[in-house]
1. Tell me which cysteines of the chain come out unpaired when the rule is another cysteine's Cβ under 4.7 Å.
2. For a quick check of your reading of the filter: which trypsin sites (Lys or Arg not before Pro) in region 98-177 sit in a DSSP loop and have no more than 12 other Cβ atoms within 10 Å?
3. Can you give the % of DSSP beta bridges in the chain that are antiparallel, to the nearest 5?
4. For the chain, build the charge dipole from Cβ charges (+1 Lys, Arg; -1 Asp, Glu) around the Cα centre, then report which of 385, 167, 28 sits farthest towards its positive end.
5. At R0 = 30 Å, how high is the FRET efficiency between residue 299 and residue 375 if r is their beta carbon distance? Nearest 0.05 is fine.
6. Ordered by residue, what ³J(HN,Hα) values in Hz, to whole numbers, does region 385-392 give under the Karplus form 6.51 cos²θ - 1.76 cosθ + 1.60, where θ = phi - 60° and Gly and Pro are x?
7. Note the angle between two axes, namely the Cα long axis of helix 47-71 and the longest principal axis of the Cα atoms of the chain, as a number of degrees from 0 to 90, rounded to the nearest 10.
8. Through the Karplus equation 6.51 cos²θ - 1.76 cosθ + 1.60, θ set to phi - 60°, convert the phi angles of region 237-244 into ³J(HN,Hα) values in whole Hz; use x for Gly and Pro.
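No value in this document is a laboratory result; all are computed from the given coordinates. Since this is a predicted model, take the numbers as computed values, not measurements. All Cβ positions, even for glycine, are placed from backbone atoms using ideal geometry, and neighbour counts span all protein chains on display.
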Amino acid sequence: MFVFNHTVVGNKREDKICQDYSDIYVDNSFYIGAIADGHGSKTCIRSDIGAKLVVECAIECFRQFATTFLAENITLNIPTTRHCRNIIQNLTNCIVASWYDAINRHYATDPIKGLPAECVPHLYGTTFMGALVVGDYLILLQQGDGRCVVFFENGDISQPIPWDRRCEYNSTTSMCDADVTTSIRHAIIKREDVVACFLGCDGVEDAYIDTYHDINNDTIKNHCIMGGVNVFYKHLLVKIFEEQTNFNNYFRHMLADFAISGLFSKTGSGDDVSVVGFVEKGKVFNNIQSYKKDVELYELEELFYWKNDDIRSKKRKLEVLEKRLETAKSDLNIVKLDVLKKRKSGLLKYRENFYIDVLQASKNKQQAQQTFDNYKSQYFDLEQQCEKLQQKIRNYE
């Protein structure tokens, strides 16, 4: 199994302190990965430390769990039985207790005068997501936002960890919540059909316009909910297949660019980004052509969507420019008529001023005409680009 991770700092934080943290642990018989996203708020002033500590604690608890699991040849029944749930609860309790011990030890070295003891965990507030591949199982844990995406050999893609509605948009649950031991969600999957598992913080999903809503229409058919997130990971699978030994170098550079500029999206989230991946390289080949096609088609649809959006914007401005042109033409006609009236009335001594007015009105009309023509040309060019993209999309179907 190929396991990798990387974390990059975003560009929207003024202090440039990365709130994300990720790490992996690879043993001969099991694999561990974890990510965390510190809240970074004004009250969670040590959340970057909290994120690092929860990842370190989780990896150690996972390691101890895996060692015992293999030594005692534990079997996990799916769907989970009470015994299985108790095993998972013990694992989550270990992580929570270890994290609280770690933050309290850190706080003891640098206390804040007058801060009540019950407020200390909030200083270190962070989300957490972790995965353990051991024996025949993939064990997943999560507190807070971010997404775990699993790819299967039959082509299915799922987010197996139950979702918590408290973790949408700008809200999330946290390791510092009072109910953390009961609100950590989990999933257990049989490993045999899994191609890959990815853990990604919200810096991934926030880069895509279809994370929470379908934007499909007659032409765009792959921008369903989480379509962008799924394509992001399909792209990684394609690159793992193509790059082989050079993937880690590619991934580090790509993720840094992604945080700012996005990938198959108009822009990046600007947030810190962390990704952990577990990939069965031998199983990727069967679906690689499908992944490539999906990535290419999504990219075309994304371009089509934003060009159409640009057309809508330009159409409104074109209508405004057309009205300005009509006004300039009308003003010129009014000035010309005024000159004719003055001539007939014999006011020739004001002739110079009349001609200045005509020249200015004529100049205004010419400028309005040129602006309108240029913008109209851009508009028609965009329409042609959209038609070509639409045809390319149809050719994929």
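1. 18, 44, 57, 84, 119, 148, 167, 176, 197, 201, 224, 386, each lacking another Cys Cβ under 4.7 Å.
2. Here the sparse-neighbourhood loop sites are 113.
3. So the antiparallel bridges amount to about 100 percent of the total.
4. Working it through, the farthest residue towards the positive pole turns out to be 385.
5. Details: r = 28 Å, r/R0 = 0.92.
Approximately 0.60, to the nearest 0.05.
6. Residue by residue, region 385-392 yields 4, 5, 4, 5, 5, 4, 5, 4 Hz.
7. Helix 47-71 sits roughly 40 degrees off the main axis of the chain.
8. Here the 3J(HN,Hα) series is 5, 4, 5, 4, 5, 7, 7, 6 Hz.
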